[in-house]
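What follows draws every value from the coordinates through simple rules; no lab data is involved. Note that the structure is predicted; figures quoted are calculated from it, not measured. FYI the Cβ positions are ideal-geometry reconstructions off the backbone, even for glycines, and counts take in every protein chain you see.
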Amino acid sequence: MTTLLHIDASPRPGRAGTDEHGSHTRRLTDHFVTQWRRRRPGDTVVRRDIGARPPALTTVEWIQAAFTAPERHQPWMREVLAESDTLVQEVLDADVLVLGVPMYNFSYPAAFKAWIDNIVRVGRTVDFDPSNPEDSFTPLLADRPRHAVILSSRGDHGMNPGGPLAHMNHLEASVRTALGFIGIERFHEIAIEHQEEGGERLDASIADALSRVESLVDELQQSREPVPACA
Ligand SMILES: Cc1cc2nc3c(=O)[nH]c(=O)nc-3n(C[C@H](O)[C@H](O)[C@H](O)COP(=O)(O)O)c2cc1C
C-alpha cells in the first residue's frame, strides 16, 4: 500500500474553481489526491494543512532539544520537540509527498519554511558525523524511494525552467535541496502561472497543470518501482 502525505501551504482556505478567492495550489493537490484515489482507494492519505496551522518556528529551546541526544532528553525537551516529531514521522511514513506550495516573494511562504525546519532533524531524518568532515551528513530517508510532487502557483509567468524569469524562481530548487539533503530523491514539478493577470492565459495554464497532474498520477501508479502497489 502507498502512503501519500498531502500538504497545503496556502493560507487561502478554499480551492480555486470551487470557492471564491480559492487557492490554486489547493486545487492542484486536491486534483492529485482525487485522481490517485480514483484508482487506488485503499491507499492511505495523511493530511497536513500548514497553511491553516503553520508549524512553530525554531526557538532556542527547540535547538537545544533537537541537538541533545534522545537518551539525555529532559521532559521539557520532549514537549518542545513533540510537533516536530509528528511532522518527521509523517514524512518517514510517506511514499509520495504531495506539496501544495504557492510562490511568495520568489520562494515559498514562511509556513512551508517552518515545516522544512521541523523535518530536517539530526538523528531523525539526517545523521551527522563530525569525525568525517569530508562526508559528515547521511540522509536517513534514502532507505527507500520517496517521491516529492511540488505543485505550485505564481502570479507572474515565465518562471518555469528555461523561462525568461526562471532565475528569479527560488522555490522548487530550494525544496529539492532541503528534501534531497534528507534523502528524498525523486521530484516532480507542476505550476500554474498568470494568476495575477487572469483571463485566457490563466485558464490555459490551469488546464495544462490539471492535465499534467493526471499524467503524473498515471505515470507514478504505473511505474513498478518505486511506488508500492496497492495491497
Ligand atoms: C504575499 C504574496 C507574495 C507573492 N509573491 C509572488 C512572487 O514573488 N511571484 C509571483 O509570481 N507571484 C507572487 N504572488 C502571487 C501568488 O504566487 C499567487 O497568488 C498564487 O496563486 C498563490 O497560491 P494560492 O493560489 O495557492 O494561494 C504572491 C502572493 C502573495 C499573497
> FRET efficiency for Gln221 and Asp93, Cβ-Cβ distance as r, R0 = 30 Å, nearest 0.05?
Replying inline: 0.95
> When the helices in the chain are scored as -39500 (n - 2.57) per DSSP H run of 4 or longer and the sum is shared across all residues, what 222 nm value do you end up with, to the nearest 500 deg cm²/dmol?
Replying inline: -11500 deg cm²/dmol
> In a shell of Cβ-Cβ distance under 9 Å around Asp156, excluding Asp156 itself, what net charge do Lys and Arg (+1) and Asp and Glu (-1) give?
Replying inline: -2
>> What are the equivalent ellipsoid semi-axes of the chain, built from the alpha-carbon gyration tensor (square roots of five times its eigenvalues), in whole angstrom, biggest first?
In response: 31, 20, 17
> Which of the peptides 73-81, 144-152, 44-52, 87-95 is most tightly packed, and how do the rest follow, going by the mean number of other Cβ atoms within 10 Å of each residue?
Replying inline: 144-152, 87-95, 44-52, 73-81
> Asp19 versus Glu200, label points 7 Å from Cα toward the beta carbon: distance in nm?
Replying inline: 3.1 nm
> For Phe187, which sequence-distant residues (separation of 5 or more, or a different chain) have an amide H within less than 5 Å of its own amide H, given hydrogens modelled in the peptide plane?
Replying inline: Ala148
> How many angstrom lie between the C-alpha centres of region 77-132 and region 134-165?
Replying inline: 14 Å
> Based on the Cβ-Cβ distance from Thr68 to Arg47, what FRET efficiency comes out when R0 is 25 Å, to the nearest 0.05?
Replying inline: 0.20
> Mind ordering 130-138, 96-104, 210-218, 115-123 by average Cβ neighbours within 10 Å, highest first?
Replying inline: 96-104, 115-123, 210-218, 130-138
> How high is the relative contact order of the chain, given as a whole-number percent (alpha carbon pairs under 8 Å, six or more residues apart)?
Replying inline: 23 percent
